[in-house]
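To start, the structure under review is shown below, and the notes come after it.
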Amino acid sequence: MEIDRSKRVLVTGGAGFIGSELVRQVAALNATVLVVDNLINGRRENLDGLSDEQVRLVFADVRDDKSMAGLMKGVDIVFHLACLGVRHSIHSPHENHAVNATATLELLTAAKEAGVERFVYVSSSEVYGTARWAPMTEEHPTFPLTVYGASKLAGECYARAFHRTYGYPAVVVRPFNTYGPRCHHEGDSGEVIPKFLLRCLAGRPLVVFGDGTQTRDFTYVSDTARGILLAGLADTAVGETINLGSGREIAIKELAREVSSVAGRPDAEVIHEEARPGDVLRLCADATKARQLLGFEPRMTVADGLAMLKQWYISSGQPPEALLEQEIVRNWELDGERINA
Ligand SMILES: NC(=O)c1ccc[n+]([C@@H]2O[C@H](COP(=O)([O-])OP(=O)(O)OC[C@H]3O[C@@H](n4cnc5c(N)ncnc54)[C@H](O)[C@@H]3O)[C@@H](O)[C@H]2O)c1
């Protein structure tokens, strides 16, 4: 499959963090891009600088079957990223399932009926639960700990089922934790790296949930988006499930030190709070399959990626203190306590 100016690409969740980077990469190939987003966590500004003629944002909900069936007409390839996140699933499990799982089944149905030639389902490393061994190949058991992980797993099972049952050209990718420009510090979308970095830049302590020995495999957003795009292009990826990660594992307490050093505050205070329910303790990708099938190799090191993100915050002109006004510290609780420590 090639993406060029003759192709029409639909990106659900394309106004979000990873989606907007993917839209930029697809637009750079001259295709026409239809972004479907209800802007619950995405932002119009994430698409700033892209031509209106080439990239059209449609304000729609992926749960709206009728609208989605209409939008699929004439589309060549769908990248499905719209979802509600892990912390949202802790306070609102049913809504999380409806968006992440049920809507995926409906979108696959609509795409197949509309003759869409390729459907890339963007899943998550959260489907694995805590690693039983590392690095984790795609054959590692899937025992998600949260409704988010379970609903993402349901979505990927539907995509594989469409391939097995109907021969539908669906692909599943499992990105590991991603960070970079346009990542979320706010509300229940807030992620560890932006929260650490903004707190450092504002001269505030970093908050670690649990003892900080839990590990993650972090990938810079331009790398993750390139992996997703490659999965849509490679014919060998059809019917496959592919990790998108680096194979580098870092404990959250080491990450706190790394962020502090990049931010120029190597002795920043770190506060430990009670662990988050359902927190996965270990994640580390085996990236062999992505390398073999997609030629995918993350390019950015964590140190360089953190420095780039710091620069992005600085050049945004928004003071870290102002951005932190939108932070909820225990952001899986509906009435999440705001700590201004
Ligand atoms: N960020 C990560 O570390 C990470 C890691 C693994 C997998 N992923 C996956 O990547 C994808 C994108 O994640 P992200 O981090 O960019 O999150 P994000 O919240 O920035 O993007 C999701 C987008 O979906 C939109 N959306 C939510 N519900 C919708 C609905 N009902 N209808 C239409 N649009 C809706 C949101 O407004 C948002 O723009 C998700 O599928 C996620 O599971 C992300």
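For the structure I just gave you, tell me whether V120 is within 11 Å of the ligand (Cβ to nearest atom) and in a helix (DSSP H, G or I). No: the conditions fail for V120.
Confirm whether T142 is surrounded by fewer than 22 Cβ atoms within 10 Å (Cβ to Cβ), out of contact with any Lys or Arg (no Cβ under 8 Å at 6 or more places or on another chain), in a loop (DSSP other than H, G, I, E, B) and β-branched (V, I, T). First the steps, then the outcome.
Details: surrounded by fewer than 22 Cβ atoms within 10 Å (Cβ to Cβ): yes; out of contact with any Lys or Arg (no Cβ under 8 Å at 6 or more places or on another chain): yes; in a loop (DSSP other than H, G, I, E, B): yes; β-branched (V, I, T): yes.
So T142 passes the test.
Within region 90-105, the set of residues being in a helix (DSSP H, G or I) and farther than 22 Å from F79 by Cβ comprises I90, H91, P93, H94, E95.
Condition (residue is among the aromatic types (F, W, Y), closer than 22 Å to F17 by Cα, buried (at least 24 other Cβ atoms within 10 Å of the Cβ) and in contact with a Ser or Thr (Cβ under 7 Å, 6 or more places away or on another chain)) applied to region 109-120: is it met by at least one residue? So far as region 109-120 goes, no, none of its residues is among the aromatic types (F, W, Y), closer than 22 Å to F17 by Cα, buried (at least 24 other Cβ atoms within 10 Å of the Cβ) and in contact with a Ser or Thr (Cβ under 7 Å, 6 or more places away or on another chain). Within region 78-92, is even one residue within 11 Å of the ligand (Cβ to nearest atom), closer than 20 Å to D188 by Cβ and in contact with a Lys or Arg (Cβ under 6 Å, 6 or more places away or on another chain)? No, that holds for no residue.
What residue, of G74, G49, is free of Cβ contacts under 8 Å to residues at least 12 places away in the same chain and over 19 Å from the mean Cα position of the chain (by Cα)? Even if it seems obvious, please write down each step before you answer.
Numbers: G74 fails: free of Cβ contacts under 8 Å to residues at least 12 places away in the same chain.
Testing whether each residue is free of Cβ contacts under 8 Å to residues at least 12 places away in the same chain and over 19 Å from the mean Cα position of the chain (by Cα) leaves just G49.
Exactly one residue among E186, E138 is within 15 Å of the ligand (Cβ to nearest atom), under 22 Å from the mean Cα position of the chain (by Cα) and either over 24 Å from Q292 (Cα atoms) or among the polar types (S, T, N, Q) (or both), and that residue is E186.
Residue-by-condition table, conditions (1) of a type in the set (V, I, T); (2) modelled with pLDDT under 95; (3) in contact with a strand residue (DSSP E or B) (Cβ under 9 Å, 6 or more places away or on another chain); (4) not assigned by TED's automatic domain parsing to the domain that holds V172:
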site	(1), (2), (3), (4)
L81	no, no, yes, no
G85	no, no, no, no
S92	no, no, no, no
V99	yes, no, no, no
T104	yes, no, yes, no
L107	no, no, yes, no
V116	yes, no, yes, no
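Within region 39-48, does at least one residue satisfy the condition of being surrounded by 16 or more Cβ atoms within 10 Å (Cβ to Cβ), within 14 Å of the ligand (Cβ to nearest atom) and closer than 25 Å to D4 by Cα? Among the residues of region 39-48, at least one is surrounded by 16 or more Cβ atoms within 10 Å (Cβ to Cβ), within 14 Å of the ligand (Cβ to nearest atom) and closer than 25 Å to D4 by Cα, which makes the answer yes. Note down all Cβ pairs under 6 Å where the first residue falls in region 34-46 and is in contact (Cβ under 8 Å) with a residue 60 or more places away in the chain, the second is more than 6 Å from the ligand (Cβ to nearest atom), and they're at least six residues apart or on different chains. Hits for this filter: N46/S20; N46/R182. Somewhere in region 14-24, is a residue within 8 Å of the ligand (Cβ to nearest atom) and surrounded by fewer than 16 Cβ atoms within 10 Å (Cβ to Cβ)? Within region 14-24, not a single residue is within 8 Å of the ligand (Cβ to nearest atom) and surrounded by fewer than 16 Cβ atoms within 10 Å (Cβ to Cβ).
Cβ-Cβ distances below 7 Å connect the following pairs, each with a first residue in region 1-28 that is among the charged types (D, E, K, R), a second residue that is in a helix (DSSP H, G or I) and within 15 Å of the ligand (Cβ to nearest atom), and a separation of six or more residues or different chains: E21/V221; E21/S222; E21/A225.
Do the conditions hold for A69, that is, is it of a type in the set (A, V, I, L, M), surrounded by fewer than 20 Cβ atoms within 10 Å (Cβ to Cβ) and touching a helix residue (DSSP H, G or I) at 6+ places or on another chain (Cβ under 6 Å)?
Working: of a type in the set (A, V, I, L, M): yes; surrounded by fewer than 20 Cβ atoms within 10 Å (Cβ to Cβ): yes; touching a helix residue (DSSP H, G or I) at 6+ places or on another chain (Cβ under 6 Å): yes.
Considered against the rule, which asks whether it is of a type in the set (A, V, I, L, M), surrounded by fewer than 20 Cβ atoms within 10 Å (Cβ to Cβ) and touching a helix residue (DSSP H, G or I) at 6+ places or on another chain (Cβ under 6 Å), A69 comes out as yes.
The values are calculated or read from the model by the stated rules, or taken from the named source; none is laboratory data. Since the model is a prediction, treat every value here as computed from it, not as a measurement. Backbone-built Cβ (ideal geometry, glycine too); neighbour counts: all protein chains shown.
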